[in-house]
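Okay, so here's the structure we're looking at.
The values are calculated or read from the model by the stated rules, or taken from the named source; none is laboratory data. Keep in mind it's a predicted model, so treat the numbers as computed, not measured. Quick reminder, even Gly has a Cβ in these numbers, built from the backbone with ideal geometry, and neighbours come from all protein chains shown.
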2 protein chains.
Amino acid sequence: MGKVKVCAFSISLDGFGAGVNQDLQNPLGLGGKELHNWVYGTKRFMSMIGQAGGSTGVDNEMIEKSFENIGAWILGRNMFGPVRGAWPDDEWKGWWGEEPPYHVPVFVLTHYERNSFMMKGNTEFHFVTDGIDAAFTRAKEAAQGKDIRIGGGGSTIRQFLQAGYIDEIHLAQTPALLGAGEHLFSGMDMPALGFNQAQRIEGEGATHFILTKG
Amino acid sequence: MGKVKVCAFSISLDGFGAGVNQDLQNPLGLGGKELHNWVYGTKRFMSMIGQAGGSTGVDNEMIEKSFENIGAWILGRNMFGPVRGAWPDDEWKGWWGEEPPYHVPVFVLTHYERNSFMMKGNTEFHFVTDGIDAAFTRAKEAAQGKDIRIGGGGSTIRQFLQAGYIDEIHLAQTPALLGAGEHLFSGMDMPALGFNQAQRIEGEGATHFILTKG
């Protein structure tokens, strides 16, 4: 079995992984766009939005790496979209347009049933209504020995952390200050969960910390 | 009037400014020593403990700078010592030996009266029992136009932040993970307090963030 990883997860200086009041206009919540300033100019991001050019430094490398050897993703419902409650129809297909950047099976945690569907570029979205253990089991099967990436948001990461499922976390520490939102580490005892130290890598727009167990 | 600053304040990746269970053997609380790994090898720290040598890079510069133009300090009681409750006598004179690194008046917040006293190198400790406003007034008078440094710990910084007194905060973001302790930003809305963005400076052992107002 591969690793279970959180990659390229941006946090603000005051510890938030996303802003409040997420909606269609603010997929990352208010102020959350600043969290990802280190991403927008990179070659990888530019190519994801169909543009040429972009930076090729440390930040870009970290993003490239975050997509390597991933066999399946698990996302919280809010990372998939702004729709709350039961799915009114099958119209909402994620934030990412016709060809999402995943290219592997993606398991979306939700309380409301919905049929799986395939997008261009081989991204298949599945909706899991019976909790994180069920999602984890299905992701392992789908990943076929490759790594599983827990995409977020904060509360999804916190649930997987507390269940002891996560092997590695790559945080992008940014200078943004959000003031309110989802606190990633509040109430989490990381050493008790096996994470004692992190590796620090300075990027152009963020400082990257790789937390591993042991 | 000078600025009111927090300087070289180390925080862990999970957001703590000190460990739990501070005592005589653990001035920084359990695990808190790791928070300051970026400090110990610097030239400035070596010279403070009477030794030659040490690094002269960014981290050292940040420490040097943190002592520049300071006219007075304000410290929480725990930063001054492990004694709790009423002062049993005048024996405890701080963590720093005969010559503390301050060389200016230092105002210690405490609920228990104690007489001021002078140490070698012109550090005079004063004990303020009537709250942060009183300490701030006395520190301003003592600083004579120079900057006032709020030394810590976390709860002292939080009180001064919430009162709107702090102009600038320099955090040293370290890779340490503490799991428990004093959360610096929990419940604090930094943008609402006027802090919207930070400058990021890469050091050898920590990433420095300078938060200013506006």
Strands (runs of 3 or more DSSP E) wholly in region A:117-214 with at least 2 residues that are within 18 Å of the chain's Cα centre (by Cα) and closer than 30 Å to B:Leu193 by Cα - which ones? A:168-173, A:207-213
With respect to B:Gly205, determine if the residue is surrounded by 18 or more Cβ atoms within 10 Å (Cβ to Cβ) and either touching a helix residue (DSSP H, G or I) at 6+ places or on another chain (Cβ under 9 Å) or closer than 25 Å to B:Pro100 by Cβ (or both). yes
Are there any pairs, at least 6 apart or on different chains, whose C-beta atoms fall under 7 Å, with the first in region B:84-96 and under 21 Å from B:Phe45 (Cβ atoms) and among the basic types (Lys, Arg) and the second in a loop (DSSP other than H, G, I, E, B) and at pLDDT 90 or above, and if so, which? B:Lys93/B:Met119
Has region A:173-183 got at least one residue that is over 25 Å from A:Thr123 (Cβ atoms) and free of Cβ contacts under 8 Å to residues at least 60 places away in the same chain? no
Condition first: part of a loop (DSSP other than H, G, I, E, B), under 23 Å from A:Ser155 (Cβ atoms) and among the hydroxyl-bearing types (Ser, Thr, Tyr). Can you find one or more residues in region A:12-29 that meet it? yes
Pairs with Cβ under 7 Å, 6+ apart, first in region B:28-49 and without any contact (Cβ under 8 Å) to a residue 24 or more places away in the chain, second surrounded by fewer than 16 Cβ atoms within 10 Å (Cβ to Cβ) and assigned to a helix (DSSP H, G or I): B:Arg44/B:Glu64
The condition of being surrounded by 22 or more Cβ atoms within 10 Å (Cβ to Cβ), on the phi > 0 side of the Ramachandran plot and small (Gly, Ala, Ser) holds, among B:Gly164, B:Gly145, B:Gly181, only for B:Gly181
Step by step: first the residues of region A:179-204, then only those that are aliphatic (A, V, I, L, M), more than 7 Å from chain B (Cβ to nearest Cβ) and touching a strand residue (DSSP E or B) at 6+ places or on another chain (Cβ under 7 Å), then the one that is nearest to B:Val20 (Cα to Cα). Which residue is that? A:Leu184
Take the conditions in contact with a strand residue (DSSP E or B) (Cβ under 8 Å, 6 or more places away or on another chain), aliphatic (A, V, I, L, M) and under 30 Å from B:Ile201 (Cβ atoms) and apply them to A:Ile169. Does it pass? yes
